[in-house]
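These notes are about the structure you will find just below.
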Amino acid sequence: MKDNITGNSINQIRPQSFSDFVGQEQQKEVLSILAKAAKKQGKAIAHTLLSGPPGLGKTTLCRILAEEMGTNLVEMVGSNLEEPKQLQAQLAVIREHDIVFIDEIHSMNRNTEEVLYSAMEDGLLTYVPQMESLNEIMKAIGLGGSSTRAKTIRLPAFTLIGATTLPGLVSAPLRSRFVTTVNLEPYSIDELKEIVIGAANKMKFSISEKVAEEIARRSRNTARLAVGHLTWLREFCFAHGHKATLETARQAFLLKDIDENGLTKQDRSYLSMLVTTNAPVGLGSLAASLNESIQTLEQTIEPFLLREGYIRRGTRGRVAEQKAYELLKGVAA
Ligand code: ADP
C-alpha cells in the first residue's frame, strides 16, 4: 500500500530536504550527523535501518539522505527480491557511495538476504556465473563470466538503507549488520497540521488552519494519510466548485466514511465484531470476517486502535475496551 495520489505528483509534495520534513527531530538529527560525518570523511553513510509503521516517512528520509549526499539512489522492495540473483544483479552495478534502499526488508527471501551479509560486512559480492542475466552484466562491465564456479567481486563502498514496518521480523544476522537503527514515531496532531499546510501550499490549494486541523485529526498519526485526506478534499472541492470550508471538509469525509477521530468503516466493523462478541476474538477470525489479511490488520488497522485505547491484546485474542463500547453505542457499524 503506497502512495495513491494522482494529479499533483506525490513527488512534488514529498519533502525534499530535512528542513522541509516535519517532526522526527531526533531521527533527522541522527541521520544528518551520519550524512555530515560521511561527507567529511569522503565515505559512504553507515548502513542504517529505518523502522516504523507505514506512511511515516521512511522512503522520504532515504531520498532526502541521497539528495544531501548527492549520491545515486537504487530503490528496491524486499518482497520483489525473490531470488538472490535479482539482488546480485542490482548490487553488481552500484557505484561508489550509492545508497541502496530496500523497502520492507523483513519480507526478503532468506537466500536473497544472505547476499547482503558479506556485501554489508566485507563489501564482497559472491555470485555463480551461470546465472544468465548477471553473467551478461558481468561481461558487459569487463568482469568475465562463463565459468560455473562461484566468483567474488569487491563492491564499491555503498550504504544500505533498509526500511521495515515489522522490525521484529528482521533476522538477527541482518539486523546486526546495520550500524544504526532509527525508529520513526507517530505524528502529533500539530505536526500533522503542519504537514497538511505544507502540502496544501505545494498543491496551491488554499485551506484555513481549522480545516488543516480537521484533516490532521482524521489522519491516525500518519503523514501519508494526512496528505491523502488533503488530496481527497481538494478533489471534492474542485468537483463541486466549493471552497475548502470546515463544512465542506466534513461532507467530504462523511462521503468516505471517515469519522472525526479518523476511524473508517472498516475500523468500525472491526470494533463492532469485538463488541457484539463481547469476548476475546482471535486475529484469524477477525481477518476472515473482515475479508482482510492478518498483516493488514496488524500493521494498518490495529496500531491506531491499540494506541487510542479502543482495543487491547489479550492472551486469547483481541478485546474491546470501554471506549469501543461507547463509540458503537447506538451506532450502526
Ligand atoms: P513510508 O516509507 O514510511 O511508508 P513515505 O516516506 O512513503 O512513508 O511517506 C508517505 C508520504 O507522506 C510522502 O509522500 C510524504 O509526502 C509524506 N510525508 C511523510 N513524512 C512526512 C513529514 N515528516 N513531513 C511532511 N510530509 C511527510
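Just from its helices, what would the mean residue ellipticity at 222 nm be for the chain, if runs of 4 or more DSSP H residues each count -39500 (n - 2.57) and the sum is divided by every residue, rounded to the nearest 500 deg cm²/dmol?
Values: 15 runs with 153 residues, N = 333.
Only helices count here, giving -13500 deg cm²/dmol.
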Quiz item: Under a 5 Å amide H to amide H cut-off, with H placed in plane at 1.01 Å, what residues pair with Phe101 once short-range neighbours are removed?
Solution: Val74, Glu75, Met76, Ile161
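How many times 2.2 N^0.38 Å is the alpha carbon radius of gyration of the chain?
Working: Rg = 22.9 Å, N = 333, 2.2 N^0.38 = 20.0 Å.
Compared with the compact-globule rule of thumb, the chain sits at 1.15.
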Quiz prompt | Net lengthening on full extension, Ile189/Thr152 (0.36 nm per residue, minus Cα-Cα) | solution = 8.2 nm
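How charged is the neighbourhood of Phe101? Take every other residue with its Cβ under 12 Å from the Cβ of Phe101, and add Lys/Arg as +1 and Asp/Glu as -1.
With Lys, Arg at +1 and Asp, Glu at -1, the net is -2.
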Quiz prompt | For the chain, built as a Gaussian network whose Cα springs stay under 10 Å, the top-fluctuating residue of Gln266, Gln322, Gln299 | solution = Gln322
Exercise. First measure r as the distance between the Cβ atoms of His240 and Glu260, then evaluate 1/(1 + (r/R0)^6) with R0 = 30 Å and state the FRET efficiency to the nearest 0.05.
Key: 0.90
Quiz prompt | Residue among Arg154, Arg63, Arg234 with the largest mean-square fluctuation in a Gaussian network model of the chain, springs linking Cα atoms under 10 Å | solution = Arg154
Quiz prompt | For segment 84-94, 3J(HN,Hα) per residue [Karplus equation, 6.51 cos²θ - 1.76 cosθ + 1.60, θ = phi - 60°, Hz, x = Gly/Pro] | solution = x, 5, 5, 6, 4, 4, 6, 5, 4, 10, 6
Self-check item: Eligible lysines near Lys28 by straight Cα distance, threshold 25 Å, same-chain separation 8 or greater
Solution: Lys2, Lys36, Lys39, Lys40, Lys43, Lys58, Lys193, Lys202
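Normalising by the residue count of segment 24-183, find the relative contact order in percent from Cα pairs under 8 Å and 6+ residues apart.
After rounding, I find 35 percent.
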Self-check item: Residues with amide H under 5 Å from that of Arg318, placed H, sequence gap 5 or more
Solution: Val281, Gly282, Leu283
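None of the figures in this text is laboratory data; all of them are computed from the coordinates on show. As the structure is a computational prediction, the values presented were derived from the model and not from experiment. With ideal geometry, Cβ positions are generated from the backbone for all residues, glycine too; neighbour counts draw on all protein chains shown.
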